[in-house]
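Trainee: Below are the structure tokens for one structure; questions will follow.
Just so it is clear, none of the values below were taken in a lab; they were calculated from the coordinates. This structure is a prediction, so every number in the text was calculated from the model and none was measured. Positions of Cβ are generated from backbone atoms using ideal geometry, with glycine treated the same way; all protein chains shown enter the neighbour counts.
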Amino acid sequence: MSDENKSCPPPSGNEPEVTRSAAPMWIIVTTLVLLFLGGLYFDRHSGWFNQNVYAPYTSAKQLDAFQPRSGAAAARARGKAVYESVCGICHGPDGLGKLGQAPPLAGSEWVDAKGFNRLSHIPLMGLNGAIKVGGKEWTLSMAAMGAALPDDDLAAVLTYIRSSWGNKASPVTSDDIKKIRASLGPAKAMTSDELMALPE
Amino acid sequence: MKTGFSVFLAVFVTIGASWCGLVLAPALQLGGAKQETILNGTDTYPLQPTGAATLGLQVYRANACAACHTEQACQTGVVCEISLTGLGVYQPADFKAFVRSLFVLPELASYTNAIGASINNWSGELPKPILITADKKIATEMADRLKAVGVKSEMNILATGPDIARGWGIRQSVAADYLYAQPVQLGSLRAGPDLSNIGVRVPDAGLLLKHLFAPGSVTKDSTMPAFRHLFEVRKIGSAPSPDALNLTGKFAPPTGYEVVPTTDAKYLAAYLQSLKANAPLVEAPFTP
């Protein structure tokens with residue numbers, strides 16, 4: 001093989017060589033146009049890769065607008081869900097509390113009260129020291145379990161505890177919570193007496 | 001090879017780009033999927049399937065049901081339906097007159113005819129759907145107007161599309177529906193109906209089994225092949241088996257014989273019963 005090559009040297013000067021030349025203009029232009037169209041398509045259909053956005057929805061905002069919100073029933077279901085995941089561990093799924101762990105919410109004068117200002121302060125600030133619930137005294141402490149919840153979730157959970165297990169108090173809206181949150185003092189667990197000093 | 005490095009780079013970038021698009025991006029997008037809470041409720045979705053249903057998926061796979069059946073309902077749109085639930089102080093007749101006056105406004109004029117037509121022959125029964133529109137803004141405005149005059153209405157969100165119209169689903173299939181499917185049996189050919197919601201459509205295991213043994217006994221002139229090997233035709237012993245299929249006419253076994261499903265068939269039926277893509281989810285909202 002190599003002998004053969006040697007015996008027949010290529011004619012000098014005519015050896016083929018790899019050269020470079022600029023890509024034709026039309027390829028560049030077509031590519032740019034395709035990229036542009038792809039960008040438009042992406043912008044219109046991707047929902048920015050949000051895993052919740054499926055066609056026919058095109059954006060998280062549009063999807064949000066189509067969430068069915070059937071007023072009271074939806075808020076109550078939401079409140080129940082938040083209650084069971086945040087408060088229920090201590091206060092029990094039935095709101096009856098647990099001996100040595102947390103007082104009951106069912107029939108509690110703090111929960112089933114006319115106003116919700118004092119009540120809202122409990123999950124927002126925390127509670128410390130002796131507190132009388134339904135004639136029985138509890139001396140435990142509760143951290144500010146609701147401080148990290150968004151306004152609407154806290155409103156939903158308070159509405160839920162105020163209207164469950166025989167409690168029949170008025171609902172709480174997220175605007176109410178927003179106002180109360182804005183009026184809070186420095187973060188420090190409150191006592192029963194401090195709560196009583198607040199307007200109901 | 002003078003251009004070896006460029007060729008390597010080009011190949012690397014090409015393969016790397018497809019890997020990013022087909023493997024990495026989906027993994028980032030959906031790799032962390034887990035059970036979620038259904039919309040406006042407290043139940044989780046999807047439920048962990050039973051052992052029988054999990055084994056049934058393998059029977060489904062082994063019998064290549066996905067060659068003729070898909071498990072993906074499609075949705076092409078979404079609409080808001082305004083439905084009257086209470087007329088407040090009005091009588092239906094007043095309401096008809098009043099609603100026409102309410103919607104003479106130019107921006108709502110195009111909806112007036114639809115509403116007028118929907119309440120024309122209405123005798124006052126509630127709830128009464130009065131408008132279906134894909135425009136959420138209009139629907140909200142309408143609900144607000146009704147509320148302002150003390151008329152109660154509900155806004156229902158409904159999925160639309162050919163699959164939904166056929167009754168194959170209530171909403172489109174989304175990734176959450178396949179959380180426990182291993183492997184996912186999407187299917188691509190629809191010789192038979194979509195099965196993403198068959199557990200809701202046909203909840204009866206007996207009927208599903210009967211259909212598998214003799215499709216024609218459930219659907220007249222069915223073109224689905226019979227899966228007889230999933231059943232045993234045997235002599236009735238001391239007492240008939242409680243599992244025996246209820247077959248009649250030309251599908252019935254000879255007298256003295258009965259058709260009983262094998263465990264595989266029972267698993268398969270359990271799997272079909274577990275296919276219920278009917279929970280409203282954040283990513284696939286609708287009013288149940």
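Trainee: Going by alpha carbons, how many degrees (0 to 90, nearest 10) lie between the helix axis of A:151-162 and the longest principal axis of chain A?
Mentor: 40 degrees
Trainee: Also, quick follow-up: I'd like the mean, over residues of A:149-157, of how many other protein chain beta carbons sit within 10 Å of each residue's own Cβ. Please list the in-between numbers first.
Mentor: Working: counts 0, 0, 0, 0, 0, 0, 0, 0, 0.
Per residue, the average neighbour count from other chains is 0.
Trainee: Could you name the aspartates and glutamates whose alpha carbon sits less than 17 Å from that of A:K132, not counting residues in the same chain fewer than 8 places away?
Mentor: Excluding near neighbours in sequence, the set is A:E109, A:D112, A:D193, A:E194, A:E200.
Trainee: Moving on to the next point. Given an 8 Å cut-off on Cα distances and at least 6 residues of separation, report the relative contact order of chain B as a percent.
Mentor: Values: 425 pairs, mean separation 79.1, N = 288.
Relative contact order here is 27 percent.
Trainee: Using Cα pairs closer than 8 Å and at least 6 residues apart in sequence, work out the relative contact order for the stretch B:210-285, in percent. Could you put the intermediate results ahead of the total?
Mentor: Numbers: 73 pairs, mean separation 19.8, N = 76.
Computed over the stretch B:210-285, the figure is 26 percent.
Trainee: Something else now. Under the Kirkwood approximation applied to all pairs of distinct alpha-carbon atoms, what is the hydrodynamic radius of the stretch A:84-200 in Å?
Mentor: Mean inverse Cα-Cα distance, inverted, gives 14.1 Å.
Trainee: If only Cα atoms are counted, what is the Rg of chain A, and what is its Dmax, in Å?
Mentor: Over chain A's Cα set, Rg and Dmax evaluate to 33.9, 115 Å.
Trainee: Could you tell me what fraction of 2.2 N^0.38 Å the Cα radius of gyration of the stretch B:77-160 comes to, as a two-decimal ratio? Could the numbers behind the result be given before it?
Mentor: Details: Rg = 11.9 Å, N = 84, 2.2 N^0.38 = 11.8 Å.
In units of the globular-protein estimate, the stretch B:77-160 measures up at 1.00.
Trainee: Further question on the same structure: What residue among B:P26, B:P46, B:P92 has the largest mean-square fluctuation in a Gaussian network model of chain B, using Cα springs under 10 Å?
Mentor: B:P26
Trainee: Follow-up. How would B:V282, B:V23 line up from fewest to most surrounding beta-carbon atoms within 10 angstrom?
Mentor: On the way: B:V282 16, B:V23 10.
Fewest-to-most ranking of B:V282, B:V23: B:V23, B:V282.
Trainee: Hey, what does the equivalent ellipsoid look like for chain B, semi-axes from the Cα gyration tensor as sqrt of 5 times each eigenvalue, largest first, whole Å?
Mentor: Details: eigenvalues 410, 243, 54 Å².
Each semi-axis is the square root of five times an eigenvalue, giving 45, 35, 17 Å.
Trainee: Here is the link list: B:K147/B:K276; A:K98/A:K168; A:K168/B:K34; A:K61/B:K34; B:K96/B:K152. Which ones come out longer than 25 Å on Cα distance?
Mentor: Numbers: B:K147/B:K276 36 Å; A:K98/A:K168 22 Å; A:K168/B:K34 36 Å; A:K61/B:K34 22 Å; B:K96/B:K152 15 Å.
Pairs exceeding 25 Å: B:K147/B:K276; A:K168/B:K34.
Trainee: Within 10 Å of each residue's Cβ, count the other Cβ atoms and sort A:W26, B:W168 from fewest upward. Display every interim value, and only then the final one.
Mentor: Numbers: A:W26 8, B:W168 23.
With the fewest neighbours first, A:W26, B:W168 line up as A:W26, B:W168.
Trainee: Here's something else I'd like to know. If all Cα-Cα distances of the protein assembly as shown are sorted into 10 Å bins from 0 onward, what percent lands in each bin, rounded to whole numbers?
Mentor: Histogramming the protein assembly as shown at 10 Å steps yields 3, 13, 16, 17, 18, 15, 9, 5, 2, 1, 1, 0 percent.
Trainee: Top mean-square fluctuation among A:P56, A:P24, A:P123, Gaussian network model of chain A, C-alpha springs under 10 Å?
Mentor: Maximum fluctuation in the GNM of chain A, among the listed residues, is at A:P24.
Trainee: Using 0.36 nm per residue of separation minus the Cα-Cα distance, give me the extension gain between A:E137 and A:D43 in nm, one decimal. Before the final figure, lay out the partial values.
Mentor: Values: separation 94, 0.36 × 94 = 33.84 nm, distance 6.08 nm.
Full extension from A:E137 to A:D43 adds 27.8 nm.
Trainee: Taking the number of other C-beta atoms within 10 Å as the exposure measure, put B:I15, A:I180, B:I132 in order starting with the fewest. Could you put the intermediate results ahead of the total?
Mentor: Values: B:I15 10, A:I180 20, B:I132 16.
Exposure proxy ranking, most exposed first: B:I15, B:I132, A:I180.
Trainee: Which value, in debye to the nearest 20, describes the size of the charge dipole of the stretch A:84-156 about its Cα centre when Lys and Arg Cβ atoms bear +1, Asp and Glu Cβ atoms bear -1, and nothing else is charged?
Mentor: On the way: 5 positive and 8 negative charges, 70 e Å.
Taking the Cα centre of the stretch A:84-156 as origin, the dipole is about 340 debye.
Trainee: Near B:K2, which lysines are there with a Cα under 27 Å away, not counting those fewer than 8 places off in the same chain?
Mentor: Cross-link targets: A:K6.
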